[in-house]
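Remarks on the structure that follows.
The values are calculated or read from the model by the stated rules, or taken from the named source; none is laboratory data. It should be emphasised that the depicted structure is a prediction, and the values quoted were computed from it without experimental measurement. Glycine also receives a Cβ, built like all others from the backbone with ideal geometry; neighbour counts cover every protein chain displayed.
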Amino acid sequence: MKIKTREAVCDLLNSDLAWRRVELSELLKNITSNNPKKESVFLRSAALLLYAHWEGWIKNAATNYLIFVKSQKLNLDQLDDCFAAIALKQKLNEFQDTAKSTIYTQFIDYIRTNMGSRAVISEDGVIKTQSNLSSEILKQLLSSIGLDYSKFQLKANLIDSQLLFYRNNIAHGHDLIMDKQTYISLHGEILQMINTINDDIQNAVVLSSFKKAP
C-alpha cells in the first residue's frame, strides 16, 4: 500500500474519522433519549464502542501516517529522528536474526555508510496498541511518530481510570453500570482528543515535520 500525497493521507484520516463520528453520535442519541429501561444497556454498549473507536482510529491514523512517510522515499539522513529510528530498528532486527556475534559492529558500519541511502521502512508491527490503549501506550505511540504527547498528560487519569476501567470491566462480563453524565463527559473528552490527534497528524503532513530540520 502506498499513500503518496498530502491530500491522500488527509482524506484517509478524515474518512476514517467521519463514520466513527456518525456511529458515536447515534450512540449518544440513544443515551440521551430518556428511555430508562434501555439506558443501562445503551451505556454499557457505548462504553465499549467508545473505546473501540479510540483505539481503532488512532491505530489506523498512525499507521497511515507512517505509510505516507514511507511512500516519500526519503534517505535516512532526510528523516526526522523518530522515523530514522524506526528504519534503523528494523535493520537492527535483521542483523540480530543472523545470530552472529558481530551484529553490533555490522550495525554501526551500516549506519556510517548508509545514512545517505534510501530509508527502508515497514509499517508492520510498528504501531502497537496492545489492545489496551492506555495513557502510557499512547505516549509511546505518539512519540514514535514525532507527535507531542504533553498536551494529553492531564488526560491520563481520564484514559486509564475511566475509559479503560469501564471498557475492561464491561468487556470481561462484570455488571458495571456507568452513570449517564459520566459517559456524556467521557464521550466528549475522548472525541476531542481524537480530533486533536487528527489535527496534529495533518499538520505534520502539511508542514513536512517528518523530515529532518535543516
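The table that follows gives values for the structure above.
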read-out	value
Spans of helices (runs of 4 or more DSSP H) in the stretch 73-161 with at least 3 residues crowded, with 18+ Cβ neighbours inside 10 Å and not β-branched (Val, Ile, Thr)	81-97, 135-144
Of the criteria (1) surrounded by 11 or more Cβ atoms within 10 Å (Cβ to Cβ); (2) more than 30 Å from Asn30 (Cβ to Cβ); (3) modelled with pLDDT of 95 or more, which one Asn195 fails	(2)
Hey, Arg44 of a type in the set (D, E, K, R), in contact with a Leu (Cβ under 8 Å, 6 or more places away or on another chain), farther than 20 Å from Leu147 by Cα and crowded, with 18+ Cβ neighbours inside 10 Å or not	yes
Where a residue in the stretch 160-171 is modelled with pLDDT under 95 and its partner, wherever it lies, is assigned to a helix (DSSP H, G or I) and of a type in the set (Lys, Arg), with Cβ under 6 Å and at least six apart	Ile170/Arg44
Any chance Ala204 is surrounded by fewer than 17 Cβ atoms within 10 Å (Cβ to Cβ) and either out of contact with any strand residue (DSSP E or B) (no Cβ under 8 Å at 6 or more places or on another chain) or touching a residue at least 12 places away in the same chain (Cβ under 8 Å) (or both)	no
Residue list for the stretch 122-165, filter: under 29 Å from Ser208 (Cα atoms) and among the aliphatic types (A, V, I, L, M)	Val126, Ile127, Leu133, Ile137, Leu138, Leu141, Leu142, Ile145, Leu147, Leu154, Ala156
Evaluation of Thr63 against (1) free of Cβ contacts under 8 Å to residues at least 60 places away in the same chain; (2) closer than 18 Å to Leu142 by Cβ; (3) crowded, with 16+ Cβ neighbours inside 10 Å (one fails), failing number	(1)
